Amino acid sequence: MGGLKKGDAPINITFARTMNVCTWAGLIILFVFGILYLSGINTAYDASLIMRNWDKPVSQFWLSVKGREAQRYAWFLSHLRAMDSLAMSGIVLLSLTPLIALLSIVGRIKGLHLILLLILIVEFLFSVFWPLF
Amino acid sequence: MLQWIVILFFFTLAIGVIAPIGGVGGGVLFVPLATAFFPFNVDFIRGAGLIMALTSSLSSAPLFIERGLANIRIVIPIALVSIVTSICGSLVGLWLTNNFPEGDSYFSICLGILLIFIFIVMLSSKGIEFPYERHIDPFTAKFGLGGEWFEPSLDRTVTYRAANLPYALLSFAAVGFIAGMFGLGAGWANVPVFNLVMGMPIRVAAATSMVLITVNDAAASWVYIARGAVLPLICVPSVLGISIGARIGARTAVRAKPLIIKYLVMAILLFAALIDIFKGIRGIGLL
């Protein structure tokens, strides 16, 4: 079994535990603020306006709802006190969770896999930040 | 508003209950059925589908990893390729629906064809519980892909090695593109590649697929988030519904007849495929 890495357990456990914590945090944020949002408390965008336009492609949808297309993350980051934007922060945390879990094992992995891991992290960071450029 | 929230919640709750028993992820049922029957544009359906698939896989992946059924060392080289194609798939999917007047209809037809393909895969592929040990080519050997876990049914630790990484990378590149473009988790494609191409035991293949979905769908979801295609009004009831449904599904799975549920899921997929193709053909004016 030359290919087996007997020392993988600590790496996997660190990865799994980080993923677990971030997932629960993301879900709690999503559900708490999401339910407040669905209750109609302090929303950034009028729900009835969203419903009148949600059959349109996303670019036309935002032209109708906001007057311009949604670019980058300003459509929710600029209303961080609104419940829909706070619910989005839960989704953002969930979408960052695999990246955070990958970062948590950087110090525990060596050799070829460390190089591959670092490239993977760069790719992931690119997926997050490319809209900003 | 309340009416749609309630409908979405119970719709995704039902998907959450039957999908895991039927051997598929929630996204593969949500995206085609919502495209066929809900008033939302496919951009928002795909955005929600990705977040649902991401949430479901994030909820189960840590347990699989801790038990040794999934090994992050195997996921890393594969994700290097599939993450790029999943981002490309998301960009192409949104470009198609936002730059062509009948983009939604073309997307609907493509989705219907993909569903028929998934139906055939589900009908024909039979997972191999413990595949035979394969020859490890020099390229795959460099990565040392393998692992071990304690299998209670055998009362012993099972070790395995993965093979055929070059072919698998090509397959996962295509799967990543499809996942990003259609807003799916694509476990239906990941598992056969891990099991039949790389020779990993079926339980390991299913668990590793979950981890790969977290990475692929998380990367692809940023494209949808940046374009504003992830609406909390759709995502909150959907994620809530599928999360509760999956827990009910896990409890009922013990008593349910998986084969009957699998056939039910396949029938739903075929039905949704036909509706999506019909809707697409009508949308481009051929009917």
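The values are calculated or read from the model by the stated rules, or taken from the named source; none is laboratory data. Because the structure is predicted, anything quoted here is derived from the model rather than measured. Quick reminder, even Gly has a Cβ in these numbers, built from the backbone with ideal geometry, and neighbours come from all protein chains shown. These accessible areas exclude ligands, DNA and RNA; they are computed on the full protein's heavy atoms, side chains included. Shrake-Rupley method; radii C 1.70, N 1.55, O 1.52, S 1.80 Å.
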**OP:** All but one of (1) open to solvent by 50 Å² or more (accessible area, probe 1.4 Å); (2) within 19 Å of B:ALA61 (Cα to Cα); (3) over 19 Å from the mean Cα position of the chain (by Cα) hold for A:LEU117, so report the exception by its number.
**Re:** (1)
Original post:
Can you tell me how many residues in the stretch B:65-84 are within 17 Å of A:ASN20 (Cα to Cα) and either more than 8 Å from chain A (Cβ to nearest Cβ) or among the charged types (D, E, K, R) (or both)?
Top reply: 3
Subject >> Evaluation of B:GLY249 against (1) assigned to a helix (DSSP H, G or I); (2) open to solvent by 50 Å² or more (accessible area, probe 1.4 Å); (3) over 30 Å from A:PHE76 (Cβ atoms) (one fails), failing number >> reply: (2)
Original post:
Among (1) open to solvent by less than 30 Å² (accessible area, probe 1.4 Å); (2) within 21 Å of the chain's Cα centre (by Cα); (3) within 22 Å of B:PRO201 (Cα to Cα), which single condition is B:GLY68 missing?
Top reply: (2)
Original post:
Among (1) open to solvent by 20 Å² or more (accessible area, probe 1.4 Å); (2) small (Gly, Ala, Ser); (3) not in a helix (DSSP H, G or I), where does B:ALA206 come up short?
Top reply: (3)
Original post:
For the stretch B:136-192, which helices (runs of 4 or more DSSP H) that fit wholly inside it have 2 or more residues that are within 12 Å of another protein chain (Cβ to nearest Cβ)?
Top reply: B:138-143, B:165-182
**OP:** Just give me the residues in the stretch B:126-140 being under 18 Å from B:ARG73 (Cα atoms) and either surrounded by 15 or more Cβ atoms within 10 Å (Cβ to Cβ) or touching a residue at least 24 places away in the same chain (Cβ under 8 Å) (or both), in sequence order.
**Re:** B:ILE136, B:ASP137, B:PHE139, B:THR140
Original post:
Could you list, in sequence order, the residues of the stretch B:89-125 that are hydroxyl-bearing (Ser, Thr, Tyr) and open to solvent by 70 Å² or more (accessible area, probe 1.4 Å)?
Top reply: B:TYR106, B:SER124
Original post:
Pick from the stretch B:21-55 the residues that are in contact with a Ser or Thr (Cβ under 8 Å, 6 or more places away or on another chain) and open to solvent by 20 Å² or more (accessible area, probe 1.4 Å): which of them is farthest from the other protein chains (Cβ to nearest Cβ)?
Top reply: B:ILE21
Original post:
Considering only residues of the stretch A:45-73 that are at the interface with chain B (Cβ under 7 Å from one of its Cβ atoms) and assigned to a loop (DSSP other than H, G, I, E, B), which is most open to solvent (accessible area, probe 1.4 Å)?
Top reply: A:ARG72
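In the set A:LEU86, A:LEU99, A:LEU77, A:LEU93, which member is at pLDDT 95 or above and either farther than 30 Å from B:VAL75 by Cα or more than 10 Å from chain B (Cβ to nearest Cβ) (or both)?
After applying the criteria, what remains is A:LEU93.
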Original post:
Any idea which of B:PRO192, B:PRO237 is more than 17 Å from the chain's Cα centre (by Cα) and in contact (Cβ under 8 Å) with a residue 60 or more places away in the chain?
Top reply: B:PRO237
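Taking the condition out of contact with any strand residue (DSSP E or B) (no Cβ under 7 Å at 6 or more places or on another chain), farther than 21 Å from A:PRO98 by Cα, open to solvent by less than 20 Å² (accessible area, probe 1.4 Å) and at pLDDT below 90, does B:GLY16 pass?
yes
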Original post:
Hey, among the residues in the stretch A:120-130 that are more than 14 Å from the chain's Cα centre (by Cα) and facing chain B (nearest Cβ under 7 Å), which one's most open to solvent (accessible area, probe 1.4 Å)?
Top reply: A:GLU123
Original post:
Can we say B:ILE277 is surrounded by fewer than 21 Cβ atoms within 10 Å (Cβ to Cβ) and touching a residue at least 40 places away in the same chain (Cβ under 8 Å)?
Top reply: yes
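Residue by residue, here is whether (1) open to solvent by 10 Å² or more (accessible area, probe 1.4 Å); (2) of a type in the set (Gly, Ala, Ser); (3) out of contact with any strand residue (DSSP E or B) (no Cβ under 6 Å at 6 or more places or on another chain) holds:
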position	(1), (2), (3)
A:SER85	no, yes, yes
A:VAL92	yes, no, yes
A:LEU102	no, no, yes
A:ILE105	no, no, yes
